[in-house]
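Structure first, then comments.
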Amino acid sequence: MRKKPLLSFWQLWNMSFGYVGIQFGFALQNANVSRIFETLGAKVDEIPILWIAGPVSGLLVQPVIGYMSDKTWNRLGRRKPYFLVGAILASLALLVMPNSPGLWFAAGMLWIMDASINVTMEPMRAFVGDMLPDEQRTTGFAVQTFFIGASSVVGSLMPFLLTRWFHFANTAPQGQVPATVKWSFYLGGAVYLAAVLWTIFTVREYSPEEQESFHARAAGGEDAGDPEVTLDSKKYYGVGALLLLGGLAASFAIRHFAWDKALYILSFGASFYGVVQMVAAGRFVAGKKKGLVELVYDLNNMPGAMRQLALAQLFTWFALFAFFIYATSAVTSYHFGSSDPTSEAYNAGANWVGVLMSVYNGVAALVAFLLPVIARLTSRVTTHIACLVIGGAGLCSMHAFTQPGMLVMSMCALGIAWASLLTMPYAILSSVVPYRKMGVYMGMFNFFIVIPQILAAALLGLLVRTVFHGHAIDAIVMGGVSMIVAAGLMLRVKDERPPA
């Protein structure tokens, strides 16, 4: 059995450099999309439902792209064709987004932009598993984390920098997006495409034959391959029917009792997956075991460590999406005292949100290279638990710190959790999933990023309006508690890292 060679620092650099563009786009999205929505007339409790485009696109796109990239090989490579297509589409979406003529057009552009970013991002995660030996994967994901943090600092700061250094207008007439935001998105589109092209042209992927030789059995025989796909068709029909009918019943109840319409997302999601289960069972009975049947089979037979990680991921990302969705509303109203998008105070607060996001991403970039060292001294699980507790405390502290400047301390704590979240779960996961299915399992693992975003979009608007009486800052505190719960759930995770 051949062993994958250790890559040099500059090889790791080139392999992950595409994340500069990916995260530049995400940073602009996270820091400015709520601002664009409010500028175009969205109310504070409507913002979560407008963000639903992102998680729905991720839920559909990532596992499909992962499955397709696992089975792709052409002149460009295995993962790189998807890097290129996603980069072109995402760059175009970044150019259009700040010029949206209306609120629902902007929501649609968010859908396209997020789906395009996912097309690039999902194979980039699997790329580390493809290219690196097990003992170097924590470092490989740490390099990605560094690029994510460093590029997010610049991306999040762009409107602030354009205002402070280049004197771009930071306000605009009602219903119009300020020039600082527009030009930030234009620059983001150019950076996105250039960074991804750098990775495409500087890295050679291992061929299918080379991958087979790396994963051949030590005894000399080839890897026996993946287990046979088999489904209990009766069970899948039954569960699918229950999900379909339960989702429809929930939709009726939401309408009848005038509950928050955002809850329709959850009911439709249950019905949709019920249909998927039944279609997969029907295809299996008909003798078709590829495509959808494989995806459903893999989802129901994911490795044990992946299941354990998934629950912790769900609570962690719920916390983060509470912050992403409500950071602008919370800071502008709670710390700057204005909810009027045309006021100086509101736009100063919105710019400060960009600064805060650059802080936590900058901290993540600095912490990234410490994490492999700490993990070797303790364990990957212990390291991640400690980081999540610190991050949860940081989110809760945003309520205690009433002065805007003090929020820098909150963001330093969140940055520590962010660095670990982008490194440790993926390093653990890449060690336990089959190499032939690295892409599809990385895509499925992101279910537990997008599902909590759907939950956040469906529930937080209702909670802010009713339980929290319009105070967005309370949703962020709730997120902090959720992150600490995630740390507790990590105690169940068994890090099955193979020997070096």
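Identify, from the list ASP260, ASP226, the residue that is at pLDDT below 75, surrounded by 15 or more Cβ atoms within 10 Å (Cβ to Cβ) and not basic (Lys, Arg).
Working: ASP226 fails: surrounded by 15 or more Cβ atoms within 10 Å (Cβ to Cβ).
ASP260 is the lone residue from the list that is at pLDDT below 75, surrounded by 15 or more Cβ atoms within 10 Å (Cβ to Cβ) and not basic (Lys, Arg).
Kindly establish whether ALA270 is over 27 Å from SER397 (Cβ atoms), touching a residue at least 24 places away in the same chain (Cβ under 8 Å), under 23 Å from the mean Cα position of the chain (by Cα) and not assigned by TED's automatic domain parsing to the domain that holds SER358.
Numbers: over 27 Å from SER397 (Cβ atoms): yes; touching a residue at least 24 places away in the same chain (Cβ under 8 Å): yes; under 23 Å from the mean Cα position of the chain (by Cα): yes; not assigned by TED's automatic domain parsing to the domain that holds SER358: yes.
It is true that ALA270 is over 27 Å from SER397 (Cβ atoms), touching a residue at least 24 places away in the same chain (Cβ under 8 Å), under 23 Å from the mean Cα position of the chain (by Cα) and not assigned by TED's automatic domain parsing to the domain that holds SER358.
Considering only residues of the range 267-290 that are touching a Gly at 6+ places or on another chain (Cβ under 6 Å) and either assigned to a loop (DSSP other than H, G, I, E, B) or farther than 14 Å from ALA250 by Cα (or both), which is modelled with the highest pLDDT?
Per the stated criteria, the residue is MET278.
Here are ALA417, ALA413: which of them is crowded, with 20+ Cβ neighbours inside 10 Å, free of Cβ contacts under 8 Å to residues at least 40 places away in the same chain and closer than 23 Å to VAL353 by Cα?
On the way: ALA417 fails: free of Cβ contacts under 8 Å to residues at least 40 places away in the same chain.
So the residue among ALA417, ALA413 that is crowded, with 20+ Cβ neighbours inside 10 Å, free of Cβ contacts under 8 Å to residues at least 40 places away in the same chain and closer than 23 Å to VAL353 by Cα is ALA413.
State the number of residues belonging to the range 458-481 that are crowded, with 19+ Cβ neighbours inside 10 Å, over 10 Å from ALA322 (Cα atoms) and at pLDDT 95 or above.
Residues flagged as crowded, with 19+ Cβ neighbours inside 10 Å, over 10 Å from ALA322 (Cα atoms) and at pLDDT 95 or above within the range 458-481 amount to 0.
Report, by residue number, each residue of the range 100-158 that is touching a Pro at 6+ places or on another chain (Cβ under 6 Å) and surrounded by fewer than 24 Cβ atoms within 10 Å (Cβ to Cβ). Lay out the reasoning, then the answer.
Here is the first cut: in the range 100-158, the residues touching a Pro at 6+ places or on another chain (Cβ under 6 Å) are 134, 138-139, 142.
Residues satisfying the conditions are ASP134, THR139.
Considering each residue of the range 434-485, count those that are in contact with a Lys or Arg (Cβ under 7 Å, 6 or more places away or on another chain) and more than 25 Å from GLY269 (Cα to Cα), and give that number. Talk me through it step by step, then tell me what you get.
Of the residues in the range 434-485, the ones in contact with a Lys or Arg (Cβ under 7 Å, 6 or more places away or on another chain) are 442.
Pick out the ones that are also more than 25 Å from GLY269 (Cα to Cα) and you get none.
Going through the range 434-485 one residue at a time, the tally reaches 0.
If a residue counts only when it is polar (S, T, N, Q), which helices (runs of 4 or more DSSP H) contained entirely in the range 294-391 have at least 3 such residues?
It comes to 304-330, 344-367.
Check VAL355, VAL331, VAL363, VAL285 and return the single one that is within 19 Å of THR423 (Cα to Cα) and either surrounded by fewer than 18 Cβ atoms within 10 Å (Cβ to Cβ) or in the same structural domain as ALA486 (by TED's automatic domain parsing) (or both). First the steps, then the outcome.
Numbers: VAL355 fails: within 19 Å of THR423 (Cα to Cα); VAL331 fails: within 19 Å of THR423 (Cα to Cα); VAL285 fails: within 19 Å of THR423 (Cα to Cα).
None of the other options fit; the residue is VAL363.
Quick one: which helices (runs of 4 or more DSSP H) sit completely within the range 1-76 and have at least 2 residues that are in contact with a Pro (Cβ under 8 Å, 6 or more places away or on another chain)?
On the way: elements: 9-16, 18-39, 47-50, 53-70.
Result: 18-39, 53-70.
Answer with yes or no whether ASP495 is farther than 23 Å from PHE369 by Cα and either acidic (Asp, Glu) or not assigned by TED's automatic domain parsing to the domain that holds ILE385 (or both). Spell out the reasoning first.
Details: farther than 23 Å from PHE369 by Cα: no; either acidic (Asp, Glu) or not assigned by TED's automatic domain parsing to the domain that holds ILE385 (or both): yes.
Criteria not met by ASP495.
In the range 421-454, how many residues are assigned to a helix (DSSP H, G or I), over 14 Å from the mean Cα position of the chain (by Cα) and not basic (Lys, Arg)?
Going through the range 421-454, the residues assigned to a helix (DSSP H, G or I) turn out to be 421, 424-430, 435-445, 447-454.
From what is left, the residues that are over 14 Å from the mean Cα position of the chain (by Cα) are 424, 427-430, 435-441.
Now narrow it down to the ones that are not basic (Lys, Arg): 424, 427-430, 435, 438-441.
Counting residues in the range 421-454 that are assigned to a helix (DSSP H, G or I), over 14 Å from the mean Cα position of the chain (by Cα) and not basic (Lys, Arg) gives 10.
So which residues in the range 377-398 are closer than 21 Å to PHE324 by Cα, surrounded by fewer than 23 Cβ atoms within 10 Å (Cβ to Cβ) and of a type in the set (A, V, I, L, M, F, W, C)?
Scanning the range 377-398 gives VAL389, ILE390, ALA393, CYS396.
Against the definition (of a type outside the set (Lys, Arg) and either closer than 16 Å to VAL33 by Cβ or not assigned by TED's automatic domain parsing to the domain that holds VAL477 (or both)), how does PHE336 come out, yes or no?
Details: of a type outside the set (Lys, Arg): yes; either closer than 16 Å to VAL33 by Cβ or not assigned by TED's automatic domain parsing to the domain that holds VAL477 (or both): no.
Against the criterion (of a type outside the set (Lys, Arg) and either closer than 16 Å to VAL33 by Cβ or not assigned by TED's automatic domain parsing to the domain that holds VAL477 (or both)), PHE336 does not qualify.
Could you go through the range 191-211 and let me know if any residue there is assigned to a helix (DSSP H, G or I), modelled with pLDDT of 85 or more and more than 20 Å from MET121 (Cβ to Cβ).
For the range 191-211, residues assigned to a helix (DSSP H, G or I), modelled with pLDDT of 85 or more and more than 20 Å from MET121 (Cβ to Cβ): absent.
Hey, does the range 305-328 have a residue that's farther than 30 Å from ARG380 by Cβ and either out of contact with any Gly (no Cβ under 8 Å at 6 or more places or on another chain) or in contact (Cβ under 8 Å) with a residue 40 or more places away in the chain (or both)?
Kept after step one, since they are farther than 30 Å from ARG380 by Cβ, are these residues of the range 305-328: 326, 328.
From what is left, the residues that are either out of contact with any Gly (no Cβ under 8 Å at 6 or more places or on another chain) or in contact (Cβ under 8 Å) with a residue 40 or more places away in the chain (or both) are 326, 328.
Yes, there is a match, as at least one residue in the range 305-328 is farther than 30 Å from ARG380 by Cβ and either out of contact with any Gly (no Cβ under 8 Å at 6 or more places or on another chain) or in contact (Cβ under 8 Å) with a residue 40 or more places away in the chain (or both).
Determine, yes or no, whether ILE374 is buried (at least 24 other Cβ atoms within 10 Å of the Cβ) and assigned by TED's automatic domain parsing to the domain that holds VAL177. First the steps, then the outcome.
Working: buried (at least 24 other Cβ atoms within 10 Å of the Cβ): no; assigned by TED's automatic domain parsing to the domain that holds VAL177: yes.
Taking the combined requirement at face value, the residue does not satisfy it.
May I ask you to list pairs of residues, at least six apart or on different chains, whose Cβ atoms are under 9 Å apart, with the first in the range 436-453 being among the hydrophobic types (A, V, I, L, M, F, W, C) and the second being not in a helix (DSSP H, G or I)?
Final answer for the pair search is VAL440/VAL433; MET442/VAL433; MET444/MET302; PHE445/MET302; PHE445/VAL433.
Of all residues in the range 79-109, which are within 25 Å of THR199 (Cα to Cα) and in contact with a Phe, Trp or Tyr (Cβ under 8 Å, 6 or more places away or on another chain)?
Residues satisfying the conditions are ARG79, ALA87, ALA90, SER91, LEU94, LEU95.
The values are calculated or read from the model by the stated rules, or taken from the named source; none is laboratory data. Given the structure is predicted, the values throughout are model-derived calculations rather than measurements. Methodologically, a virtual Cβ is constructed for each residue, glycine included, from the backbone with ideal geometry; neighbour enumeration extends over all protein chains shown.
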